Amino acid sequence: MFYRLSGIHHTRYESARALWPVTADRRIIQGLLLLALAAPFLLSDLYLTSYMLPWLIWTAAALSLTLLMGIAGQLHFGFAAVMAIGAYTSIHLTRAGVPFELALLGAGLMAALIGCLFGAAALRVKGLYLVMATLAMQYLVEWTIINVPAISGGAQATLSTPDVTFLFVPLQSDGALYYTALLWTVVVTLLIMNIKRSSFGRALVAVRDKDFAASVIGVNPLRYKLLAFFASSFLGGVTGAVLAFCYYQAVTPEQFGFNVSIQLVAMVLVGGLGSVIGAYLGAGFVLLLPIVLTNLLAFVAQFDLIPISFNLLSHIPLMVYGALIIGVILFEPLGLAKIYDNIRKYFLVWPFRHTQS
Amino acid sequence: MLPEKIHQNLETSRAMHPGWQDKDHLIRQLVNNARDHADQIALRERDRGIWQEYTWRDYLERVMALAAGLETLGVGPGDRILVVGDNRPALYFGMLAAVTLRAVPSPAYPDTNPQEIQAQMEAESIRCALVEDQEQVDKLLGIRVAGYGHLDHILFDDPRGLKDKEPRGALALGDLLARGRARLERESNLAQDLQSRPSVHDTAVLLHSSGTTGAPKGIPLKHGHILSGVRNASQAGYFREGEVHMAYLPMAWVGDFIFTIGAALVLRFCVNIPERQETALHDLREIAPTLYFGSPRAWSNMLTRIQVGINESTGLKRRLYHHFMPFAVELERRRLAGQAPTAAERFWRAVGEVLIFGPLKDQLGLARVERPYTAGEAMGEDVFLFFRALGLNLRQFYGQTENCALCVAQPLDSISLHTAGRPFPGVALKISDDGEILVRSDNIFDGYFNNPEATAETLQDGWMHTGDAGYLEEDGQLVVLGRVSEVVHTRAGERFIPTYVENRLKFSHYIKDACILGKDRDYLAALIVIDIDAVGHWAEENGVAYTSFADLSQKPQVYELVRKEVAHVNAVLPDALEIRRFVNLHKEFDPDDGEVTRTRKLRRKVIDAHYAPIIESLYDGRSAIEFEARISYETGESGILKRHLAVADVVGARLAEEV
């Protein structure tokens, strides 16, 4: 109904491969980008800094992870540790006087280096065994950070981020923080979309689907598995640094614990493995839904219709949230992205059920 | 042809058409376009998924290079060049290159069998052929082996399967193009010289009548005929400048030459050529043309496709369609009757445009069509109303190859279902005393190719006898009834035109073809060919299992279905002309068996001969027949298949009421 495809023809393969060849999709993206740019003027500070900002940064994190888990098919249950490496590296580098821009790069490289070290396990093992290897990374990194005072600043210490400027703009105001996070998320989004339609992305997909079949057609699985770990960990590391500077502004090891890793995996799974829009939806679902549910319940509780104990009140959102995750996975195993895709296609072929030609 | 003969022809033509300017010809139009609009897109061809574009400059350059190349092969004035293949830019370039050299392209349908092509080559003494691909090259080589020795050159467009192993006399158009370019480079005045050669009095194309009765006749059309026809039509607003046009209809059909070459050169169309015949519908959507021509059959197939698609669709979409579509059809019916819709109806129609009509037109690739046309035969009322209700200003043309198919068309302001419209400006039209339609204008040909008898029969005192029976309404609109020669009588003396009844039957989308019998018989009977797509879908929906076309056609349920359709037609026919009995044939009418022409018109004599036992059974009261079907395979061999066919009685609508 909203999608008009007639008259779209291509005279070069480049334009046929464009990210959004359909006009309606382009309009949607343009509209969303405009809304995102105008958000600081439309939303109150509370909503901007405690809803929009974390949503964007966690989306970037989920995108980094989906490159590894969704596109390259390598399970990773210690991604929070990768982000922790990025966060701590960037703080120490800026404290040593390195400009923030270079510190971000250093954060990414350090995370990529250590990520690859553990990722090397993926060259030998698959599936559950890879989960074990990455879990080991999670605990080793956590242990190292806590127990080496040079990194954590001492046990139980909180390391606050120094004042920095990013591209000549001091990262002080809410607006500056928000736009930095937005810029990074847009960059990661475009990067992942382009990886998916490039030879690198297709090689990763080949490795994901069957690594020895990939090697038969000339894709070196060793190389591409390592590259996947490298690229994903690099993005994860930078995202960790952005998270520390733009959102937390003071980091402790607990912020990158095992439960955070699991949350990231949940974002990727609920959103849809390997999907870009799924990362946005998944991060929104995992991050914002509990808050929405709590607010909703508090609103209902006001009316005193049913006596609910305070204890129960704090647990109900968690129960509903768990049920929703199971529900989504049962209803659509391919995640929220697939649900979006179904709705889009429903309108794409309107008024028919399938494409006609 | 001898130079004196050519000169003599020129003089005769000058005397016949004093109004034509000598240097006003198709190639001049092309040169002007290349000069004034060099970088505008003239032609697009879909190749491996993307559209290759040619500007007017490219267009002229290729035509000139091919002309220079063709001349080295000895092609000269008056030579006839056979053109066989699906629409391809290189074939259009080649045709115009031949025209530049004052030779005459003579297109044939790509699926014509070798015997027919050989007959055409012998009649026109063809020495050079322009073909699409290896398939056609092989066909022509076969003809050479079969005894036609004069075919010196075969030029092919697609080198696949032929590269580096070209048979004797075969040459790739690409190589010819390179040869011509080299020549143009050597001889600096050659292009100028080539462009100055043609004259408006030259024959631009040699087309052929469909051959429903006997062998096809050659119909030469001159530059002047085509130009005046196109100009008349554009003056009346039937084409605009710069239309986006889809060239998907066979090159041997008059309409394609008129639209894709004639009108495109005069009015600078952007011509689009689909990748293959099978992808034409898909490619149509990618281009979304502004001018679209389809045969009534193509429009009705499109409607069937929509209906099948909607039946399979989900609940909400289906309900919306079934609400808005009948509403719009009713609105259109009343609009044609002269009743303007109310404001509320117009508003509701606009809602429907957003929800259903707009998306449907988008799906079909007709979203930008401003001038959709149909011609060739009668169009079903349902189909006509449906597309008009969608918001497409569908109109009908009436014309013959002999008058460039540009003769009569429905005007914008007054369209009615049964009339063909008013004559174009510059076309005079009258009805002879015995009811035949006569036309006179500058776009009527000057006589058949090497056939003075037929010419004398058709052209009398400057009036062209169309062979169609018709009459003029009071407001000057023409009503076409059918072929004069097709009027036949039953034994009781009832007069009828079989095509008229057949078309009524074919308006049902379950019936693909029908042949009405009844000449010198007691009553009418019909041979029915079911539409495998529509009936197949119906069978799926209704749980009727079938294996093949023959099997499906003989299912009792299908007979019941067809019986209803026949009874529906009977309801509007006079009592004496009711179809009493019919048979569902086990196969489609096939041009390879000679049962229909390439444009799918029935060859009644062949059908009478092929199905003689079945026809007998229709009149001797049997309820079934064992039929030995002779079938010819693509290799040319023939075999025999035994078929059991049922013969059904139709209880007429009135009879049923009486009982």
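Throughout, read-outs are computed from the coordinates displayed, never taken from laboratory work. This one's a predicted model, so the numbers in the text were calculated from it and none came from an experiment. Cβ placement follows ideal geometry from the backbone for every residue including glycine, while neighbour counts extend to all protein chains displayed.
What does the charge count near B:ILE81 come to, summing +1 for each Lys or Arg and -1 for each Asp or Glu among other residues with Cβ under 12 Å from its Cβ? Combined, the nearby Lys, Arg, Asp and Glu give 0. What the Cβ-Cβ distance of B:ARG521 and B:LEU412 gives, at R0 = 51 Å and to the nearest 0.05, is a FRET efficiency of 0.70. For the range B:482-504, list residues with backbone N below 19 Å from a point placed 7 Å from the Cα of B:HIS465 toward its Cβ? Only B:482-488 fall inside the zone, counting backbone N under 19 Å.
Over the range B:1-147, what is the relative contact order in whole percent, taking alpha-carbon pairs under 8 Å and six or more residues apart?
Working: 164 pairs, mean separation 29.7, N = 147.
This gives 20 percent for the range B:1-147.
Ranking B:TYR510, B:PRO167, B:HIS489 by Cα position along the charge dipole of chain B, where only Lys, Arg, Asp and Glu carry charges on their C-beta atoms, puts B:TYR510 farthest toward the positive end. For the residue pairs B:LYS23/B:LYS222; B:LYS217/B:LYS587; B:LYS512/B:LYS564; A:LYS345/B:LYS317; B:LYS430/B:LYS605; A:LYS126/A:LYS196, the alpha carbons lie more than 25 Å apart in B:LYS217/B:LYS587; B:LYS430/B:LYS605.
Close amide-amide hydrogen proximity is noted between B:ALA172 and B:PHE156, each under 5 Å apart and 5 or more residues distant or on a separate chain (H modeled in the peptide plane; Pro and chain starts excluded).
Take the alpha carbon gyration tensor of the range B:3-290, find the square roots of its eigenvalues, order them as a ≥ b ≥ c, and report rounded if a/c is under 1.5; if not, report prolate when a/b exceeds b/c, else oblate. Rounded.
Here the Karplus relation 6.51 cos²θ - 1.76 cosθ + 1.60, evaluated at θ = phi - 60°, turns the backbone of the range B:81-87 into coupling constants of 10, 6, 10, 10, x, 6, 4 Hz, with x for every Gly and Pro.
Local charge sum around B:ALA454 (other residues, Cβ-Cβ under 11 Å, Lys/Arg +1, Asp/Glu -1)?
Values: positive: B:LYS217; negative: B:GLU402, B:GLU453, B:GLU457.
Here the charged neighbours net out to -2.
Multiply the residue separation of B:ALA15 and B:VAL145 by 0.36 nm, subtract the distance between their alpha-carbon atoms, and state the gained length in nm to one decimal. All intermediate terms of the calculation are to be shown ahead of the outcome.
Values: separation 130, 0.36 × 130 = 46.80 nm, distance 4.39 nm.
Gain in length upon complete extension: 42.4 nm.
At full extension, A:ILE291 and A:VAL131 could sit 54.6 nm farther apart than now, given 0.36 nm per residue minus the alpha carbon distance. Across the range A:43-348, the relative contact order, built from alpha-carbon pairs under 8 Å that are at least six residues apart, equals 31 percent.
Give, rounded to the nearest 20 debye, the magnitude of the charge dipole that chain A has about its Cα centre when Lys and Arg contribute +1 at Cβ and Asp and Glu contribute -1 at Cβ. Let's see the in-between values first.
On the way: 19 positive and 13 negative charges, 299 e Å.
Using Cβ point charges on Lys, Arg, Asp and Glu, chain A gives about 1440 debye.
Mind giving me the FRET efficiency for A:ASP163 and A:ARG124? R0 is 41 Å, r the Cβ-Cβ distance, nearest 0.05 is fine. The pair A:ASP163/A:ARG124 has a calculated efficiency of 0.35. Around the amide H of B:VAL596, modelled in the peptide plane, lie the amide H atoms of B:ASP590, B:ARG603, all under 5 Å away and 5 or more residues distant in sequence or on another chain.
Work through the residues other than B:ALA170 whose Cβ is under 15 Å from its Cβ and net out their charges, Lys, Arg +1 and Asp, Glu -1. Neighbourhood net charge equals -2.
Rounded, prolate or oblate, given the Cα gyration tensor of chain A, with a/c below 1.5 counting as rounded? Taking the square roots of the gyration eigenvalues as a ≥ b ≥ c, chain A is rounded.
Relative to the compact-globule estimate of 2.2 N^0.38 Å, the Cα radius of gyration of the protein assembly as shown comes out at 1.21. When the square roots of the Cα gyration tensor eigenvalues are ordered a ≥ b ≥ c, the ratio a/c for the range B:485-658 is 1.5 or more and a/b does not exceed b/c, which makes its shape oblate.
May I ask you to list the residues of the range B:571-608 whose amide nitrogen lies under 19 Å from a point 7 Å from Cα along the Cα→beta-carbon direction of B:ALA492? From the range B:571-608, the list is B:571-582. Taken one residue at a time, the phi angles of the range B:557-574 give Karplus couplings (6.51, -1.76, 1.60, θ = phi - 60°) of 5, 5, 4, 4, 4, 5, 4, 4, 5, 5, 4, 4, 5, 4, 4, 9, 9, x Hz. Gly and Pro are set to x. The 3J(HN,Hα) values that the Karplus relation (6.51, -1.76, 1.60; θ = phi - 60°) gives for the range B:238-245 are, in residue order, 7, 10, 10, 6, x, 5, 9, 10 Hz. Gly and Pro appear as x. The Cα atoms of chain B cover 86, 63, 54 Å along the three principal axes, with the biggest extent listed first.
Under a 5 Å amide H cut-off, with hydrogens placed 1.01 Å from N, B:ALA42 pairs with B:TYR54, B:THR55, B:TRP56 among residues at least 5 apart or on other chains.
What the Cβ-Cβ distance of B:LEU641 and B:ALA178 gives, at R0 = 45 Å and to the nearest 0.05, is a FRET efficiency of 0.30.
Within the range B:509-546, whose backbone N sits under 20 Å from a point 7 Å along Cα→Cβ of B:ASP575? Flagged as within label range: B:521-525. No solvent, one uniform scatterer per C-alpha: report log10 I(q)/I(0) for the range B:103-240 via the Debye equation at q = 0.11, 0.20 1/Å, two decimals. Taken in order of the listed q values, log10 I(q)/I(0) reads -0.57, -1.23.
Please report the relative contact order for the range B:133-239, taking Cα pairs under 8 Å with a sequence separation of at least 6, and give it as a percent rounded to a whole number.
Working: 78 pairs, mean separation 16.5, N = 107.
Reported as a whole number, the value is 15 percent.
Assuming 0.36 nm per residue, please report the length gained on full extension of the stretch B:ASN311 to B:LYS165 beyond their Cα-Cα distance.
Numbers: separation 146, 0.36 × 146 = 52.56 nm, distance 5.15 nm.
In short, 47.4 nm is gained.
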